[in-house]
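The values are calculated or read from the model by the stated rules, or taken from the named source; none is laboratory data. In this text the structure is predicted, and so the values were computed from the model without any measurement. Quick reminder, even Gly has a Cβ in these numbers, built from the backbone with ideal geometry, and neighbours come from all protein chains shown.
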Amino acid sequence: MAKPKRSRWNIFLNKQQQELLSKQEECTRRSASLLRELRSQDAQPLKNSGGIGQAAERQAQAMCVRQINDVDATQKAIEAALARMKAGTYGFCVSCEDRIAEKRLKALPWATHCIACAA
Ligand SMILES: [Zn+2]
């Protein structure tokens, strides 16, 4: 296998790291605001005592919880990607150990699988 052009790859890695760190920050903010929203929903007395009103409030809460879980999962994926960067395994498919296309990494900086394995 030909030796990868290190400097170009390093520049790419650097960009990806910046991207991951800024996404991580975004997730922290998003998760804090979702938690605030959830708490304020909890604190609100049930305005509508009718079944429809309560159902709608429960639905809003459930959606909030789902979004928090999503953000949580993204944060974990970002942390794992940053750890792989430190370990020097970032950008390689965890399944077939092939290189993950840069285009894919740009779209999904925390991708763990190449397109073939993700499909
Ligand atoms: Zn693969």
Looking at this structure, is Arg58 over 16 Å from Leu21 (Cβ atoms), basic (Lys, Arg) and either within 15 Å of the ligand (Cβ to nearest atom) or outside any helix (DSSP H, G or I) (or both)?
-> no
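What's the total number of residues in the stretch 74-95 that are part of a loop (DSSP other than H, G, I, E, B) and within 11 Å of Pro109 (Cβ to Cβ)?
Restricting attention to the stretch 74-95, the residues satisfying the condition of being part of a loop (DSSP other than H, G, I, E, B) are 88-91, 93-95.
Filter again for within 11 Å of Pro109 (Cβ to Cβ), leaving 90-91.
Residues that pass the stated criteria total 2.
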Give the residue, chosen from Leu20, Leu34, that is touching a Phe, Trp or Tyr at 6+ places or on another chain (Cβ under 8 Å) and in a helix (DSSP H, G or I).
-> Leu20
Matching residues, the stretch 83-98, being free of Cβ contacts under 8 Å to residues at least 24 places away in the same chain and either crowded, with 17+ Cβ neighbours inside 10 Å or more than 14 Å from Gln16 (Cα to Cα) (or both) | Ala87, Val94, Ser95, Cys96, Glu97, Asp98
Under 7 Å by Cβ, and 6 or more places apart or on different chains, what pairs join a residue from the stretch 67-82 that is under 10 Å from Arg30 (Cβ atoms) with one that is surrounded by fewer than 16 Cβ atoms within 10 Å (Cβ to Cβ)?
-> Ile68/Leu35
Could you please tell me which pairs satisfy a Cβ distance under 6 Å, a separation of 6+ or placement on different chains, a first residue in the stretch 11-39 that is under 16 Å from Asn69 (Cβ atoms), and a second residue that is modelled with pLDDT of 95 or more and among the aliphatic types (A, V, I, L, M)?
-> Cys27/Val71; Arg30/Val71; Ser31/Val71; Leu34/Ile68
Within the stretch 102-119, considering residues that are more than 8 Å from the ligand (Cβ to nearest atom), modelled with pLDDT of 95 or more and small (Gly, Ala, Ser), the one surrounded by the most Cβ atoms within 10 Å (Cβ to Cβ) | Ala111
Hits in the stretch 82-101 - residues which are under 30 Å from Ser33 (Cα atoms) and within 16 Å of the ligand (Cβ to nearest atom) = Arg84
Per-region count, the stretch 4-17, residues among the charged types (D, E, K, R), modelled with pLDDT under 95 and in a helix (DSSP H, G or I) | 2
